[in-house]
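Colleague: Below you will find the structure I want to go over with you.
Only the coordinates and a few stated rules stand behind these numbers; no lab work does. Owing to the predicted nature of the structure, the values given are computational and were not obtained by experimental measurement. Positions of Cβ are backbone-derived with ideal geometry, glycine not excepted, and every protein chain shown enters the neighbour counts.
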Amino acid sequence: MNKKNEVKKIKNRRFKLLTFFFCTPLFVVLLFFSCKSRRIAEPLEHPKPEVLIEKEPEDPFLGLYVMDLPASRNGTSRNGITSYSVEFKADQTARVLLFKEGRMEPEISHGKWLIAKDGIIILYFEQNFLSEFFIKNDDGSLSFLNAQRKPYSGELAELLILRKIEKK
């Protein structure tokens, strides 16, 4: 009986070893193919999470500003200019329109603008035009600044104000 038990134990061990050697690779192969098929079923590139891009609110400074010059004593305005307009755009470019007396179409100049740390708006041109300096007033209008970057005084200060044209 003892011998029978030993033979039975040996057969049982063999069975376990054979099962282990055959089932383990089979299990690994099945696992590999199931993972591989799952990878094939999934898209190669993971979809990027959808990000909502919030539009930045438009800077209230941007837009079109106009200054109409009154006629001088002799019936014409200074240098024949009747109206001066500046359009400040979000890409930091600007367009200046000079309307002159007797002409239907304006002279157009293109420039760039920036705002200095002290709040002064600098309008500069690549051609041979002088830079222009403005300061934003409390009411949203712009005032020209003199060569020392100070606001003009007196009647000239009231005259050299650009009023913003509101969009409709």
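Colleague: How much length would be gained if the chain were fully extended between F15 and E158, taking 0.36 nm per residue of separation minus their Cα-Cα distance, in nm to one decimal?
Modeller: Answer, rounded to one decimal: 40.9 nm.
Colleague: Which whole-number percentage describes the relative contact order of the stretch 63-165, with Cα contacts under 8 Å and a sequence gap of 6 or more? It would help to have the intermediate numbers written out before the result.
Modeller: Numbers: 199 pairs, mean separation 21.8, N = 103.
This gives 21 percent for the stretch 63-165.
Colleague: A further question on this structure: Hey, what's the per residue convex hull volume over the C-alpha atoms of the stretch 63-165, in cubic angstrom?
Modeller: Values: hull volume 12.4 nm³, N = 103.
Convex hull volume per residue, Cα atoms: 121 Å³.
Colleague: Can you compute 3J(HN,Hα) from phi for each residue in the stretch 118-128, using the Karplus curve 6.51 cos²θ - 1.76 cosθ + 1.60 with θ = phi - 60°, rounded to whole Hz and x for Gly and Pro?
Modeller: Calculated HN-Hα couplings, in order: 7, x, 6, 8, 10, 10, 10, 10, 7, 6, 8 Hz.
Colleague: Something else: Report the label-to-label distance for M104 and L62 in nanometres (one decimal), using points 7 Å from each Cα along the Cα→Cβ vector.
Modeller: The two pseudo-label positions are separated by 3.3 nm.
Colleague: Please list, ordered by chain and number, the residues whose modelled amide H lies under 5 Å from the amide H of N137; skip anything fewer than 5 residues away on the same chain.
Modeller: L142, S143
Colleague: Test of understanding: what is the full-extension gain from A147 to K8, defined as 0.36 nm times their sequence separation minus their Cα-Cα distance? Kindly include the intermediate steps, with their values, before the conclusion.
Modeller: Values: separation 139, 0.36 × 139 = 50.04 nm, distance 11.07 nm.
Full-extension gain reported as 39.0 nm.
Colleague: Distance check, please: which entries in K89/K136; K100/K167; K112/K167; K136/K164 exceed 18 angstrom between their Cα atoms? Mind dumping the intermediate values first?
Modeller: Values: K89/K136 16 Å; K100/K167 25 Å; K112/K167 22 Å; K136/K164 11 Å.
K100/K167; K112/K167, as the Cα separations exceed 18 Å there.
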